[in-house]
Structures are given as C-alpha cells and as structure tokens.
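The values are calculated or read from the model by the stated rules, or taken from the named source; none is laboratory data. These numbers come from a predicted model, not from an experiment. Heads up, the Cβs are rebuilt from the backbone with ideal geometry, glycines too, and the neighbour counts pull from every protein chain shown.
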Amino acid sequence: MKYIYLSLLIILTACQQPITNPKDYSRYLQPTQNTRLQQIDEELGFWQNKLNKAPGDIISENKIAGLYTRRFSYSGNINEIHCADSLYRQVNYLNHTTSSGTFRSLAANCITQHRFLQAKQYIDSALALGDDKYLTVLMEFDVAMELGDKYRAKKALNSITDKSSFDYLIRQAKYKDHVEGDLDAAISLMEMACDKIKDTHNPSLYCWIRSNLGDFYGHANRYQLSYKCYLDVLATDPHYYHALKGIAWLAFSHDKDVANARKIVAYLKLRHPVPDYDLLLSQMAAVEKDSIQYKQHITAFMAATGNRLYGGMYNKYRFNIEANDMNDAAGSLHIALEEVAHRPTPEAYSWLAWAYCRNGQVSKAITTAQAHVIGKCFEPGALFYLGKIYQAGGDNAKARKYLTTAQESSYELGPVISGRIAETLKTL
Amino acid sequence: MKLYSLLFIVSGMIVFSACDKDDDDDDRKPNYYGTQDQMARPAINTVFVSAADKDMFNTTVPSAMNAAFGSKFKARLMALNAGYTTNLLGLTADQFSNVLVTDVLNASTTAPTTFYDGTNVLTGRALADDVIDVELTLIFGGPNGTANPGLTSDKVNSNDKAFLASFPYLATPH
C-alpha cells in the first residue's frame, strides 16, 4: 500500500513539473533571416518579371499563385490568399477543360478560408474532368470531412489502394479521431506516417506532420512528447510558427507560466500578424483577471476576424466569444445557423444546440444535441456545451457525465474553459 | 518517305514514381514502383488524350496504346482538322493516328538525330528542333504542308536563350 501511495505521489509530482523551458526555445524568439521566405520572394520576383513581359501567361500566373499560397504560411497576410485565388481563377478560365490541377489549387485555397461548399464544387469539377484522379480523391476526402459528410469521406478513403502510404495514413488518422473519436489509433497512424517521410528530406512535409503530431499528443495529454515534436519542428524550421504557438499553449495551459507564454506570443504577434494571437492573449488576461487587457484583445480579435477575406476561418472562436464572453445570444445563434447551413458537422450542431440554450430554448437545444451531436462529436468543446445544456435542462447526472469527460481535456480546452467546467461541476 | 520503312529503335521515357511499401527499416524488403506519368513526343499526350483518359493513358505501356486509344486519337485528329486527307508524310488519318498513338520517342542509331529535317523523320529529337511546328504541320498542313497556314506554326522559332555547347546543353533557368 505504501508503494502505491509513493508511486502516486511520484506521478502527481511528475504531472506538476513544468514541461517547457525557455532554454530550449529562446533561440527561436530571436529574429533570424527566414531563408525560406527569401527563396519564395526571389521566385516571386522571377515569375512576376516573366508575367510583366508576357501579360496573361498562365504558367507564370499559376506559379505566382502557388508562391503566394506558400508565402501566406509565413506572412499571415490574408490578401496573399486572395491574390492567389484571383490568379488561379484566371488560369482556370483558360485550362478548365483540359486540366484538373487548377481546380485542386482553388479548392485548397477555399479550405484555407473555410469556404468548404465552394471547395466541394471545385473538387467535383476536378473529378468530372478525371485526370490526376488520385490527387483529387485525396482532396475529396479532406473536403467531405470538413463538410461532415463522413460517408463520402469513407468512400474516398477506401478507394485509396495503398493503405500504407503517407497520404492514406494521415487521412485515416483524421477519420479515426473525428468520426470514431479514437485518438489513440489516430496517434499511432500519425506516427506511422511520420516514420514514412522522416528520411525523405522534405522539410515542409516533416514540419507539417510533426507539428500536427504535437497537437495530437497534446489532446491526449502526453505533454512531453508534444513538446518534443514542437522543438523538433523548430530545429528544422525556426519560422514554423505553429510549433512556437504550440509551445506557448503548453506554457500557458499546462505549466500555468503566463509570463513565458506571453513572451512567445508577443514575438509571434510581431513576426506573424494573424488574429489568433489576440485570442490567446485574451485568455491569458482572463486567467490573470485583467479585464481591461482582456477586453482589448477580444475587441482586436473580433475586428480582425471580421475581414471577409477570412471567410469562415475563425467562426469557431467568434461563436465562442459571442455566446460565452459577450453574452450575445442572438449573434451567436446567427453564427451557428450560418455554420450549420454551410457545413452540417456534428461540431457545428453543438454550437447550434448551445446557441438555442443561450436563447432560452432549452428543449430545442436538447433535441438538436440528441439528433446531431451526442455520440457523433468527441471534441471537448462540444462536450462542454452538452454538459451546460443538460445542466440548463435540469439533468444534473448527464451534465456531470459530459462535463467530467470534457474535463479530461482541460489542457486542450485551456484554463478559462476548464475553470468554467470546474465551477459548474461544483454546483451540480 | 515512308515512316515505317525506317528501322527504328524505339525508346520511351517513362517516369516512375517510387511507391515505397516498406513498413520498417528492413533493407531486405524490395521497393515496388508504379508508372505514374509518361511522355515521349512533346504535346501529343497533352493534345490527343482527353482529361478523363489521362490517368489511364499515363499508365498504359506503349505497346498497348494503339489498341486502347487508336480510335480516340483518330477522332481527335478529325475533330482538330475535319478536312484532313493525308499529310506531308503521305499518311492517311488511320496511318497517322497509328503513328501518334504509340507515344514513344524513336531514335535511329545511323541517321542524324532530328524530329524532322526535311529528309529524316523522327530519327530522334535534338534540343533546337521546332517540334511543335512539325506536329502542327503534320496535323493541319495537308499533303504539301501548305494548307491552313495560320495553324501550322506556334511562331516561336527558337529558345529565348542560347543552348550550351557542352553538357547539360540546356540553357540555364532564367
């Protein structure tokens, strides 16, 4: 018995140990030359020059569009996605009957902007043309998943013949995680996919899978592994901001080290002007009960994400803020209805159910949850909404069940929401 | 000049893409390869194969191309030039489609290397050969190569940068 207590103690102490250490990542907070961005700019100059000499040359236009799309990941400038989109449309005007490639590029841009219905139209056109079907089917899966069409997604997945390929494994992982809620299986598949490409000297693919794996480990509360993934990515590309953001989240949500988390985010905000960082800073301010800072960041986030070029990219967070922080029940219902109309995923329905609840329509909220969310969506945010809905409906047992499950993902949800869960659980 | 009276050594460029089926680091396991794309004569695959057939054509071995795509090539030829009778090589629509559909790049070990130099036909392909003009002439130019003058040249007569005299011969990217 003594040993059990002892080992419990060790486990508990181990859990409280901070994961992040500024010594590991401080070198990535020093502005350094971004050689990859320079390379992109050099190539952009080259093709711009060609295009200036021969206006309307679709090869140059196609190249420039591809370069803008790649540039966006470093610059965060949404106008570059918009430029790429306009160029691809011009190219497609000329080659839409002979090549499906531009349809896929247009679809990829739509996915970035969360314009999934339009992405679906482009993919359907690419499928109808029929060339490079393998590449189109991969994207057919991606779009179907985003639109909540799990049958079409499964069909596309099944049609991939090489079940050990990177392309298959990463999609199978997504399916396991999103549709079946099997995070452990998803992680094994992602690990297999990562093993496949780790020796291929493809840094962008490596950074992509490794940082995604970092996110997956985080969702499974495997913090050390998650941290290691992000550090590996930064060692490969010091300007891979998603990995730095992941470390900031570890510092904030796990280590409760707001000072260092804020330091990372301040650096990111300087280098990579996307709205995400204001959202993170607002949560840090909330934890520190700094209501002025909190309000400033929320206002900045809402203003930035109101730009129509972002499409529906930030709807999830805008909904959350309107429903929970700004107490704008009508506004949140509007976003949820729009989202469900655009992409009827179980997660979108969880917003709708919560919006009904916030508007006082508790029974409608419960019916919506039962029809579209329960057993179909495993996102901790959705489980939180389910718990709150059942609490409002007076079913404390069910409320406790969903909130306790959501609480297991406290790290993923962050201190603000997990604080709300803990408070609610106390009152049940 | 009868095309098939020449003895050709047929060579095709087939692009293989590695398709690594190894699950672990076991070096003894073989790699498997699959054809993903192939191209021999410039623009033929691009122009004569529809988007819907593209994947199939790219994975069909040249010896099976005639049987699989011969009639489609002829239909496309006649769609491009409804007035086609014969061309500069004296080939009928059937004969010309048969030549085109087997998409390989021929190389003669004895004749000068050229796509077409007025005497030698498809004895190879030199860098400076104006292959698109040759193809357009054979498709649209009629028996004397003079019909449809507006359609028999792309008006690009040379590379926009001089080729190198030694390996790798191609001009540097610019």
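With respect to residue A:162, determine if the residue is away from chain B (no Cβ under 14 Å) and over 17 Å from the mean Cα position of the chain (by Cα). Break it down into steps so the answer makes sense when it comes.
Numbers: away from chain B (no Cβ under 14 Å): no; over 17 Å from the mean Cα position of the chain (by Cα): yes.
Considered against the rule, which asks whether it is away from chain B (no Cβ under 14 Å) and over 17 Å from the mean Cα position of the chain (by Cα), residue A:162 comes out as no.
Tell me, yes or no, whether the stretch A:208-226 has at least one residue that is in contact with a Pro (Cβ under 7 Å, 6 or more places away or on another chain) and either under 21 Å from residue A:40 (Cβ atoms) or surrounded by fewer than 21 Cβ atoms within 10 Å (Cβ to Cβ) (or both). There is no residue in the stretch A:208-226 that is in contact with a Pro (Cβ under 7 Å, 6 or more places away or on another chain) and either under 21 Å from residue A:40 (Cβ atoms) or surrounded by fewer than 21 Cβ atoms within 10 Å (Cβ to Cβ) (or both). Sub-9 Å Cβ pairs linking a first residue in the stretch B:126-148 that is in contact (Cβ under 8 Å) with a residue 60 or more places away in the chain to a second residue that is hydroxyl-bearing (Ser, Thr, Tyr), at least 6 apart or interchain, are B:131/B:116; B:132/B:153; B:139/B:84; B:139/B:152; B:140/B:84; B:140/B:152, ordered by first then second residue. State whether the residues of the stretch A:369-383 include one that is touching a helix residue (DSSP H, G or I) at 6+ places or on another chain (Cβ under 8 Å), closer than 28 Å to residue A:183 by Cβ and of a type in the set (D, E, K, R). Yes, there is a match, as at least one residue in the stretch A:369-383 is touching a helix residue (DSSP H, G or I) at 6+ places or on another chain (Cβ under 8 Å), closer than 28 Å to residue A:183 by Cβ and of a type in the set (D, E, K, R).
Looking only at residues that are of a type in the set (S, T, N, Q) and at pLDDT below 95 in the stretch B:147-165, which one is surrounded by the most Cβ atoms within 10 Å (Cβ to Cβ)? Don't jump to the end; show me each part of the working.
Going residue by residue through the stretch B:147-165, those that are of a type in the set (S, T, N, Q) are B:148, B:152-153, B:157-159.
In the following step, the residues that additionally are at pLDDT below 95 were identified as B:157-159.
Numbers: B:157: 9, B:158: 9, B:159: 11.
Once the filter is applied, the top-ranked residue is B:159.
For the stretch A:101-116, the count of residues that are over 26 Å from the mean Cα position of the chain (by Cα), under 29 Å from residue A:316 (Cα atoms) and part of a helix (DSSP H, G or I) is zero. Taken over the stretch A:83-107, the criterion of being over 18 Å from residue A:47 (Cα atoms) and surrounded by fewer than 19 Cβ atoms within 10 Å (Cβ to Cβ) is satisfied by A:93, A:94, A:95, A:96, A:97, A:98.
Screening residue A:290 on (1) closer than 30 Å to residue A:181 by Cα; (2) modelled with pLDDT of 95 or more; (3) acidic (Asp, Glu) shows it passes everything except condition (1). Is it true that residue A:401 is modelled with pLDDT of 95 or more, over 28 Å from residue A:279 (Cα atoms) and of a type in the set (Lys, Arg)? Yes; evaluated as a whole, the condition is true for this residue.
Going by what's in this entry, would residue A:360 be described as more than 25 Å from the chain's Cα centre (by Cα) and not in a helix (DSSP H, G or I)? Write out each step before concluding.
Numbers: more than 25 Å from the chain's Cα centre (by Cα): yes; not in a helix (DSSP H, G or I): yes.
For residue A:360, the condition - more than 25 Å from the chain's Cα centre (by Cα) and not in a helix (DSSP H, G or I) - is met.
Scanning the stretch A:325-357 for residues that are surrounded by fewer than 23 Cβ atoms within 10 Å (Cβ to Cβ) and either free of Cβ contacts under 8 Å to residues at least 12 places away in the same chain or not in a helix (DSSP H, G or I) (or both) yields A:326, A:327, A:328, A:331, A:334, A:341, A:343, A:344. Here the condition is being touching a Leu at 6+ places or on another chain (Cβ under 6 Å), under 26 Å from residue A:338 (Cβ atoms) and of a type outside the set (A, V, I, L, M, F, W, C); of A:74, A:151, A:88, it holds for A:88 alone.
Given the options B:60, B:85, name the one that is more than 25 Å from residue B:125 (Cα to Cα) and more than 13 Å from chain A (Cβ to nearest Cβ). Spell out how you get there, then give the answer.
Numbers: B:60 fails: more than 25 Å from residue B:125 (Cα to Cα).
Criteria check complete, one pass: B:85.
Scanning the stretch A:48-63 turns up no residue that is under 21 Å from residue A:275 (Cα atoms), touching a helix residue (DSSP H, G or I) at 6+ places or on another chain (Cβ under 8 Å) and of a type outside the set (S, T, N, Q).
When you look at residue A:142, is it in a helix (DSSP H, G or I), under 29 Å from residue A:40 (Cα atoms), more than 12 Å from chain B (Cβ to nearest Cβ) and acidic (Asp, Glu), yes or no? Answer is yes for this residue. Among the residues of the stretch A:108-132, those that are free of Cβ contacts under 8 Å to residues at least 60 places away in the same chain, polar (S, T, N, Q) and more than 14 Å from chain B (Cβ to nearest Cβ) comprise A:109, A:118, A:121. Based on this model, can you work out whether residue A:264 counts as in the same structural domain as residue A:407 (by TED's automatic domain parsing), buried (at least 20 other Cβ atoms within 10 Å of the Cβ) and touching a Phe, Trp or Tyr at 6+ places or on another chain (Cβ under 9 Å)? So residue A:264 does not fit the description; no. Apart from one condition, residue A:169 fits all of (1) assigned to a helix (DSSP H, G or I); (2) more than 14 Å from chain B (Cβ to nearest Cβ); the exception is (2). I need the full set of residues from the stretch A:203-234 which are outside any helix (DSSP H, G or I) and in contact (Cβ under 8 Å) with a residue 60 or more places away in the chain, in order please. A:221 - this is the single residue of the stretch A:203-234 that is outside any helix (DSSP H, G or I) and in contact (Cβ under 8 Å) with a residue 60 or more places away in the chain.
Looking only at the stretch A:268-313, which residues are surrounded by 20 or more Cβ atoms within 10 Å (Cβ to Cβ) and at positive phi? Result: A:311, single match. Within the stretch B:65-87, identify whether any single residue is touching an Asp or Glu at 6+ places or on another chain (Cβ under 9 Å), surrounded by fewer than 19 Cβ atoms within 10 Å (Cβ to Cβ) and among the β-branched types (Val, Ile, Thr), and answer yes or no. Checking the stretch B:65-87: not a single residue is touching an Asp or Glu at 6+ places or on another chain (Cβ under 9 Å), surrounded by fewer than 19 Cβ atoms within 10 Å (Cβ to Cβ) and among the β-branched types (Val, Ile, Thr). Kindly check whether there is at least one residue in the stretch A:81-90 that is at pLDDT 95 or above, of a type in the set (A, V, I, L, M, F, W, C) and farther than 26 Å from residue A:274 by Cβ. Among the residues of the stretch A:81-90, not one is at pLDDT 95 or above, of a type in the set (A, V, I, L, M, F, W, C) and farther than 26 Å from residue A:274 by Cβ, which makes the answer no. Summed over the stretch A:137-160, residues that are in contact (Cβ under 8 Å) with a residue 40 or more places away in the chain and among the small types (Gly, Ala, Ser) total 1.
Does residue A:199 fit the bill of being surrounded by fewer than 17 Cβ atoms within 10 Å (Cβ to Cβ) and within 14 Å of chain B (Cβ to nearest Cβ)? Explain how you work it out, then say what you get.
Working: surrounded by fewer than 17 Cβ atoms within 10 Å (Cβ to Cβ): yes; within 14 Å of chain B (Cβ to nearest Cβ): yes.
The answer is yes for residue A:199.
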